[in-house]
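Structure, as structure tokens:
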Amino acid sequence: MELNTYTLSLDLQTIFGGMHLSEQVRTSSLNADVVILPLGRKDAPCAFAKGASELYQYLQEQNVNVEIACDDDNYQEIELNSKVLRLGKVLLKDVVLPVTLGVIGNFIYDAIKDDNQAEPVVEFVSPTELNIEIVIVDTLGTRESLSIEYSGDAKDFPEVANEIEKLWNEH
């Protein structure tokens with residue numbers, strides 16, 4: 001398992017200040033515990049990974065205070081055809097880190113559970129890969145934010161979640 005980590009000198013005001021958001025979405029994003037961020041492609045600054053809206057709905061159903069950092073009329077998804085679960089960039093406040101990682105883990109499990117129930121075939125079929133970037137923000141402002149990227153087997157996310165918590169606690 002390989003995690004790429006980056007320390008960021010950003011706070012919530014800075015992150016959302018550079019985005020073209022309505023005041024309503026900016027305020028809602030600042031108050032949310034979890035914010036799904038756009039991938040920010042040059043030609044589509046409000047483009048999200050395919051499945052971002054499903055993750056948003058799942059988190060809402062689990063009573064997580066979540067927002068998508070984009071006005072509804074600008075929302076776009078990028079779909080790439082492959083066996084990769086791309087969850088994009090998710091911003092978490094540190095106080096909800098353990099619970100939210102568990103909820104995201106449940107979402108991933110539900111998304112890949114068919115992998116475990118598939119009948120063996122003659123040809124090798126690789127398991128679902130996962131791409132996700134989690135940005136953790138310190139709500140007290142005493143530590144810098146931490147960005148953690150994971151690209152690997154989706155089934156390994158429980159171990160990845162444990163490592164993310166460990167990295168944050170040691171940060």
> Of Pro98, Leu3, Val35, whose Cα points farthest to the positive end of the dipole of the chain (charges on the beta-carbon: +1 Lys, Arg; -1 Asp, Glu; origin at the Cα centre)?
Replying inline: Val35
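With every protein chain left in place, what is the accessible area per residue of the chain in square angstrom, probe 1.4 Å? List each step's numbers first, then the result.
Values: 9700 Å² over 171 residues.
Per-residue value: 57 Å².
Relative contact order of the chain: what whole-number percent is it, with Cα pairs under 8 angstrom and at least 6 residues apart?
Values: 274 pairs, mean separation 46.9, N = 171.
It comes to 27 percent, rounded to a whole number.
Ratio of Rg to Rh for region 11-72, alpha carbon only, Kirkwood?
Values: Rg = 11.4 Å, Rh = 12.0 Å.
Result for region 11-72 is an Rg/Rh of 0.95.
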>> Can you order the peptides 22-28, 83-89 by their average number of other Cβ atoms within 10 Å per residue, highest first?
In response: 83-89, 22-28
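The values are calculated or read from the model by the stated rules, or taken from the named source; none is laboratory data. Predicted, not measured: the structure shown is a model, and the values here were computed from it. Note: ideal-geometry Cβ built from the backbone for every residue, glycine included; neighbour counts use all protein chains shown. These area figures cover heavy atoms from the full protein model, side chains too; ligands, DNA and RNA do not enter into them. Shrake-Rupley method; radii C 1.70, N 1.55, O 1.52, S 1.80 Å.
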